[in-house]
Amino acid sequence: MFELFVYGLVLGGIIALGAVGLTLVYGIVRLANFAHGDLMTAGAYVALFMVTDLLAWIGVPDTIFFPLSFGLRMVIAFPVSMFLVGIVAIVVDRILYRKLRDKKSNAVIMAMSSLGAAFILRMIILILWGADSLFYRPGVLRPAIDLPLNIKIRPDQVFILVAVIVLIVTLHLFLKNSKMGKAMRATADNTDLALVSGINTERIIIWTWGIGGALAAAGGILYGIDVQLHPYMGWNFLIPIFAATILGTIGNMYGALVGGFVIGVAQQMSTAFLMPTYKPAVAFVIMILILLIRPKGIFGGSS
């Protein structure tokens, strides 16, 4: 059980990155973005292209940072993929969501448009890479570290937890101390007041999509490092991400972080009693219970 708890923290960190990006977008744009999971997939596959094709063509050495399963190529591909997927998220907003916002489309229309964007992203990935499961570095031995309480954890999983912490702390410092971060918080609190105060809300929206897309890409890459890549991986993360966002209170970044770890641990712990294929159902049950018992989430006010 202790080992499952640790694995749950690893999975929860990946879910948390997706949930934080999702809740940032909702907090400012007021959009339940069903394409967010497929942005995770896009990030993982962009990194795959860079690691196996582009950087190999350029001549970057394929060294491994033992005991990790990856090396210099992934170190380069990670931030570049985050940046590129952030650009993709911004482009989708400019082409699709902005036009709908200008037309004052309701929440249902916006949500359905994001679902359509999710299908488009997934089909592009299927066309380019096919439906098979892929690995960043197939055939590499990934030894586990023995910890007390019969816990075994791979160095890659330790890296995932460290990467999640670094990304969340960086985002916290950005939102807390930078001028843009403060403007984003003000816009999330009251968009109309922020606009009257002279804040360029369209610029804030662009930054929000960029950051949300980058965090989604990071989550997808980390999951690919831990397990494998598959075109439906992001879609499978959608329910856990929404569950984490709702659990931690929609629009609350820190709540999404806590919710991500709670959902991840719950999913992994459930495998002691249920088949692993039921893990998405566990997240769905938690989401339903929260909606019934505390609709505003654990960090929201009394319902």
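Considering only region 259-303, how many residues are under 28 Å from E3 (Cα atoms) and assigned to a helix (DSSP H, G or I)?
So the count comes out to 27.
Within region 58-66, identify whether any single residue is of a type outside the set (S, T, N, Q) and buried (at least 21 other Cβ atoms within 10 Å of the Cβ), and answer yes or no.
If we filter region 58-66 for residues that are of a type outside the set (S, T, N, Q), which is where we start, we get 58-62, 64-66.
Next, only the ones that are buried (at least 21 other Cβ atoms within 10 Å of the Cβ) stay: none.
Taking every residue of region 58-66 in turn, none turns out to be of a type outside the set (S, T, N, Q) and buried (at least 21 other Cβ atoms within 10 Å of the Cβ).
Pick out, from region 29-128, the helices (runs of 4 or more DSSP H) lying fully within it that include 1 or more residues that are farther than 24 Å from P155 by Cα and of a type in the set (F, W, Y). Walk me through it before giving the result.
Numbers: elements: 36-49, 55-58, 72-92, 98-102.
Filter on region 29-128 gives 55-58, 72-92.
Return the only residue of F273, F299 being more than 17 Å from the chain's Cα centre (by Cα), over 14 Å from L39 (Cα atoms), surrounded by fewer than 19 Cβ atoms within 10 Å (Cβ to Cβ) and in contact (Cβ under 8 Å) with a residue 12 or more places away in the chain.
Numbers: F273 fails: in contact (Cβ under 8 Å) with a residue 12 or more places away in the chain.
After ruling out the rest, the residue left standing is F299.
Inspect region 118-134 for any residue being of a type in the set (F, W, Y) and closer than 15 Å to L39 by Cβ and give the result as yes or no.
So the first thing to find is which residues in region 118-134 are of a type in the set (F, W, Y), and the list is 119, 129.
Okay, now just the ones that are also closer than 15 Å to L39 by Cβ, so 119.
Yes, region 118-134 contains at least one residue that is of a type in the set (F, W, Y) and closer than 15 Å to L39 by Cβ.
Could you run through region 223-248 and say how many residues are without any contact (Cβ under 8 Å) to a residue 60 or more places away in the chain, over 14 Å from the mean Cα position of the chain (by Cα) and surrounded by 21 or more Cβ atoms within 10 Å (Cβ to Cβ)?
Matching residues across region 223-248 total 2.
Residues S197, S133, S178: which one is within 28 Å of A77 (Cβ to Cβ), more than 22 Å from the chain's Cα centre (by Cα) and either among the polar types (S, T, N, Q) or surrounded by 16 or more Cβ atoms within 10 Å (Cβ to Cβ) (or both)?
S178
Kindly establish whether V6 is in a helix (DSSP H, G or I), touching a residue at least 60 places away in the same chain (Cβ under 8 Å) and either surrounded by 24 or more Cβ atoms within 10 Å (Cβ to Cβ) or charged (D, E, K, R) (or both). It would help to see each step written out before you state the result.
On the way: in a helix (DSSP H, G or I): yes; touching a residue at least 60 places away in the same chain (Cβ under 8 Å): yes; either surrounded by 24 or more Cβ atoms within 10 Å (Cβ to Cβ) or charged (D, E, K, R) (or both): no.
No, not satisfied.
Taken together, the values in this text are just the output of simple stated rules run on the coordinates, not laboratory data. The model shown is predicted, which means the values in this text are computed figures rather than measured ones. Every residue, glycine as well, gets a Cβ built from its backbone with ideal geometry; the counts of neighbours run over all protein chains shown.
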